[in-house]
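None of the figures in this text is laboratory data; all of them are computed from the coordinates on show. Note that the coordinates shown come from a computational prediction; the quantities given were computed from them, not determined experimentally. Every residue, glycine among them, receives a Cβ derived from its backbone with ideal geometry; neighbour counts consider all protein chains shown.
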Amino acid sequence: MAGSEISLKNKPEYPSKQGRGFKNIFYSQKIAPYLFVLPFIFSFAIFFAYPVYSTIVMSFQEVLPGQVTFIGFENYKNLWNPTFLKAIWNSTVYTALTLLVLIPFPLLLAVFLNSKLMIAKNLFRSITFIPALTSVVVAGIIFRLIFGSQEGALLNSIVGVFGMEPKAWLNHAGTSMFALVILATWRWMGVNLLYYLAGLQNIPKELYESAEIDGASTIQKFFYITVPLLKPIIIYVFTISIYGGYSMFAESYMLYGSNRSPNDIGLTIVGYLYRNGIEQNNLGLGSAIGITLLLITFVITIIQLKFFGMFKREDS
Amino acid sequence: MKKRNLFLVLVFVVCIVFSGCSNNKGSSNSSNNTTSVGEGTEIELWTFNELHGKYYESMVKKWNELHQDKKIKLVISVLPYDDLHNKLLVALQSGKGAPDISDIEISKFANFLKGKPQLLPLNDVVDPEKSNVVQSRLDIYSKDGKVYGIDFHVGASVIYYNKEILDKAGVNPDDIKTWEDYKKAGKQVLEKTGVPMTTLETSDQWSIWPQVAQLEGPVDFIDENGEVNLSDPQIVNVLKYEQDLINEGIAVAAPGNGHHKEEYYGFMNNGGAASVWMPMWYMGRFVDYMPDLKGKIVIKPMPAWKEGSPRSAGMGGTGTAVTNQSKHPELAKEFLAYAKLSKEGNIEIWKQLGFDPIRSDVWDSPELREANKFTEYFGDNIFDVLLEIKDEIEGVHITEKTPQISDALKTTILYRTLVEKEDPEKVLKEAEKEIK
């Protein structure tokens, strides 16, 4: 922010005569900033604000082709059922588990990859990032085959070596959540690693050098220099991981080949939205689910940012 | 300051949530094959079954020979089951992007009749043929006296026995009259051969629904007044019967959870189970996916709940509809009627797809006696079975709640009772409460 203000104050010597009105707009301190954010405002209004508004309206309606009626809070009342609670529970467990895995491990890997002692850094960086480039559809199908129930499926033949019975991995709540978390880890490890790496490279080397002179150990350097200075990045990764977790849908859809899993063990909030809104042609209820998801993530984010002291720092 | 932050966070949340959703939409857009047949007026058709697609392909060739003045270029897209129904719903809701003609599966059809149907009434082509068609197959696709879909088949459910395994166990399929007999025979098969008598679907409805619909009287998941009827004591007993079969090892949960899964085809093809009850249209799956069982399978009427009770139920179906976005609605309707309603069409449906056609006046016609790939596989007497049970084919009730019931069966009810062995009455009551 500060940087951009300075450059605006340094007015160029360009003559600001009338008649060059159009060009002048770019140099006007009052108008230019708005002009530059205009594309964002437009796309935000058209693709985000309007859909959110109409979703809120639709969540109070019964939406059928050709006839739309207001039904008050009926859609929200209908949400109070075991299947939706199960979907919230599944999404929450999934989010919690992915946070447990995808916050600390990429951080450690990033520190390793940033270390001078590491060989073939770029190779490892690419390898961890490639999964993020694959399509969820392909990844989901491959994982479905890996976790297949046949004896010949990859995972079953691996556990067979250790004398375990072949399992129907995707038929049980625990093992199917395991598959989902593995899929998420495989896909997102590289992305989070990249955020951390970018952050690590911004930490001045001098800090480490002076710590070394003071006799700090590697572990002390990690906890007293790396982690505190990476805090903003960690908060960012934490925040997007929460949304990523709660909005997960495609992974589960592809893993089961449809939105239906045995006993709904793979049903997520967005999956429930899809089932009701699209598959059962009840867009009103679907909208209510969407708004609920928005509120859940909103509340969690507020709590989380408060917990990390993000508001406090701005105030002081 | 605080307020502005709050707003920023909200904006951030909204962006992420929406970008998350939009990503997903793109990715569920999986592969589809499109083929275009013939020259002339372009008509677009969607189906979720490759075999249906091939059938339309052959019918458009015949149509173009017969109607030189009204030639059609049929563009057929075969989409995955869920994709087709979701895309079609969105296209009809938004008024853009729908094909001229589309197959819609029966458990999804009610979705398309909600509100003001975005499909065209087919009465002008259906009414003249009404007296020749099995009426219950029109009712399931009707709303307020208007017919919106034409089915391929009656879908009479039958039982397919693996004769080789039964012979080994010394069981004669003709002696199995009731489900009690079936259980006893199943025990014998299990003891003598070590192979389960049958498999039960745990993520699809074709094991439970025929057994429920064949119950005497109008009993079904939806009763005659359109009310959800899942916890009806008779339905509870059907599910208890299935659970008993599993508990005693007479039945196992179908590999891959259903009878349309690769795992199951392989299992059955290798003699994994001695029988399976499925609708008539399942013949095509035997022929195409289980080639090793050729000549070993006999088709019989399903066992009855008591002697003299109905032995079949009309199951499943695909209502083909013309959408209101069609640019050539009259031509689309005429072609649809030719392909699925005409005598020639119905005979071809049998010849190519092995479905029991909806026109009962073709059932005893000589063409249905001709040899084809189905008679080669199953023997010549396929239609004798159908004619034998002609008056015992029970109907089903379809309402707007059907998609929800079908989802509940496919996800929770069957899995909880047959795999996790929960009490059927409790599970059915819970499901009923949620759907109501």
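Results, tabulated for the structure shown:
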item	result
Residue in segment A:273-294 that is on the phi > 0 side of the Ramachandran plot and out of contact with any strand residue (DSSP E or B) (no Cβ under 6 Å at 6 or more places or on another chain) present	yes
Members of segment A:184-224 found to be surrounded by 12 or more Cβ atoms within 10 Å (Cβ to Cβ) and of a type in the set (Lys, Arg), listed by number	A:Arg187, A:Lys221
Which listed residue is under 14 Å from A:Gly190 (Cβ atoms), within 14 Å of chain B (Cβ to nearest Cβ) and either in contact with a Phe, Trp or Tyr (Cβ under 6 Å, 6 or more places away or on another chain) or surrounded by 15 or more Cβ atoms within 10 Å (Cβ to Cβ) (or both), from A:Ala87, A:Ala110, A:Ala168, A:Ala132	A:Ala132
Criterion: surrounded by 21 or more Cβ atoms within 10 Å (Cβ to Cβ), within 14 Å of another protein chain (Cβ to nearest Cβ), in contact (Cβ under 8 Å) with a residue 40 or more places away in the chain and touching an Asp or Glu at 6+ places or on another chain (Cβ under 8 Å) - qualifying residue of B:Thr323, B:Thr412, B:Thr402	B:Thr323
Any hit, segment B:376-392, residues being part of a loop (DSSP other than H, G, I, E, B), among the β-branched types (Val, Ile, Thr) and away from every other protein chain (no Cβ under 14 Å)	yes
Test result for A:Glu251, more than 14 Å from every other protein chain (Cβ to nearest Cβ) and either assigned to a helix (DSSP H, G or I) or in contact with a strand residue (DSSP E or B) (Cβ under 9 Å, 6 or more places away or on another chain) (or both)	no
Residues located in segment B:110-143, provided they are charged (D, E, K, R) and within 14 Å of chain A (Cβ to nearest Cβ)	B:Lys114, B:Lys116, B:Lys143
Test result for A:Gly257, more than 10 Å from every other protein chain (Cβ to nearest Cβ) and surrounded by fewer than 23 Cβ atoms within 10 Å (Cβ to Cβ)	no
Listing of helices (runs of 4 or more DSSP H) fully contained in segment A:136-233 that carry 1 or more residues being farther than 30 Å from A:Arg260 by Cβ and of a type outside the set (A, V, I, L, M)	A:173-201, A:205-213, A:218-221
Residue list for segment B:283-296, restricted to those being surrounded by fewer than 22 Cβ atoms within 10 Å (Cβ to Cβ), touching a residue at least 60 places away in the same chain (Cβ under 8 Å) and not acidic (Asp, Glu)	B:Gly284, B:Val287, B:Leu293, B:Lys294, B:Gly295, B:Lys296
Criterion: loosely packed, with under 15 Cβ neighbours inside 10 Å and of a type in the set (Val, Ile, Thr) - qualifying residue of A:Ile242, A:Ile234, A:Ile158	A:Ile158
Of all residues making up segment B:58-96, the number that are under 16 Å from B:Thr34 (Cα atoms), away from chain A (no Cβ under 14 Å) and surrounded by fewer than 17 Cβ atoms within 10 Å (Cβ to Cβ)	2
When residues of segment B:241-269 are limited to those that are in contact with a Pro (Cβ under 8 Å, 6 or more places away or on another chain) and polar (S, T, N, Q), the one farthest from the other protein chains (Cβ to nearest Cβ)	B:Gln243
Meets criteria (surrounded by fewer than 19 Cβ atoms within 10 Å (Cβ to Cβ) and at the interface with another protein chain (Cβ under 9 Å from one of its Cβ atoms)) for B:Glu425	no
Residue in segment B:155-178 that is out of contact with any Leu (no Cβ under 9 Å at 6 or more places or on another chain) and either within 17 Å of B:Ile246 (Cα to Cα) or within 14 Å of chain A (Cβ to nearest Cβ) (or both) present	no
Helices (runs of 4 or more DSSP H) (entirely within segment B:114-218) containing at least 1 residues that are surrounded by fewer than 19 Cβ atoms within 10 Å (Cβ to Cβ)	B:123-126, B:136-139, B:163-169, B:179-193
Scope segment B:34-68; condition small (Gly, Ala, Ser), more than 18 Å from the chain's Cα centre (by Cα) and not in a strand (DSSP E or B); matching residues	B:Gly38, B:Gly40, B:Ser58
Hits in segment B:230-263 - residues which are within 30 Å of B:Thr375 (Cβ to Cβ) and touching a strand residue (DSSP E or B) at 6+ places or on another chain (Cβ under 7 Å)	B:Ala251, B:Ala254, B:His259
All positions within segment A:275-311 that are assigned to a helix (DSSP H, G or I), under 14 Å from A:Leu79 (Cβ atoms) and not aliphatic (A, V, I, L, M)	A:Arg275, A:Asn276, A:Gly277, A:Gly284, A:Gly286, A:Ser287, A:Gly290, A:Thr292
Matching entry among A:Tyr224, A:Tyr236, A:Tyr272, A:Tyr208 (being more than 23 Å from A:Pro106 (Cβ to Cβ), among the hydroxyl-bearing types (Ser, Thr, Tyr) and more than 10 Å from chain B (Cβ to nearest Cβ))	A:Tyr272
Subset of segment A:38-75 that is among the hydroxyl-bearing types (Ser, Thr, Tyr) and within 19 Å of A:Ile278 (Cβ to Cβ) - its residue that is surrounded by the most Cβ atoms within 10 Å (Cβ to Cβ)	A:Ser59
Close pairs (6 angstrom Cβ cut-off, 6 or more residues apart or separate chains): surrounded by 14 or more Cβ atoms within 10 Å (Cβ to Cβ) in segment B:349-371, among the hydroxyl-bearing types (Ser, Thr, Tyr) anywhere	B:Gln352/B:Tyr55; B:Leu353/B:Tyr55
Subset of segment B:379-405 [more than 27 Å from B:Tyr161 (Cα to Cα) and of a type outside the set (D, E, K, R)]	B:His397, B:Ile398, B:Thr399, B:Thr402, B:Pro403, B:Gln404, B:Ile405
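This table checks each residue for (1) among the hydrophobic types (A, V, I, L, M, F, W, C); (2) within 30 Å of A:Lys116 (Cα to Cα).
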| residue | (1), (2) |
| --- | --- |
| A:Leu207 | yes, yes |
| A:Pro228 | no, yes |
| A:Ile235 | yes, yes |
| A:Ile242 | yes, no |
| A:Ser247 | no, no |
| A:Leu255 | yes, no |
| A:Gly286 | no, no |
| A:Ile289 | yes, no |
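Residue by residue, here is whether (1) among the small types (Gly, Ala, Ser); (2) in contact with a helix residue (DSSP H, G or I) (Cβ under 7 Å, 6 or more places away or on another chain); (3) within 16 Å of A:Glu251 (Cβ to Cβ) holds:
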{"site": "A:Trp169", "(1), (2), (3)": "no, yes, yes"}
{"site": "A:Val181", "(1), (2), (3)": "no, yes, yes"}
{"site": "A:Thr185", "(1), (2), (3)": "no, yes, yes"}
{"site": "A:Tyr196", "(1), (2), (3)": "no, yes, no"}
{"site": "A:Asn202", "(1), (2), (3)": "no, no, no"}
{"site": "A:Leu207", "(1), (2), (3)": "no, yes, no"}
{"site": "A:Asp214", "(1), (2), (3)": "no, no, no"}
{"site": "A:Gln220", "(1), (2), (3)": "no, no, no"}
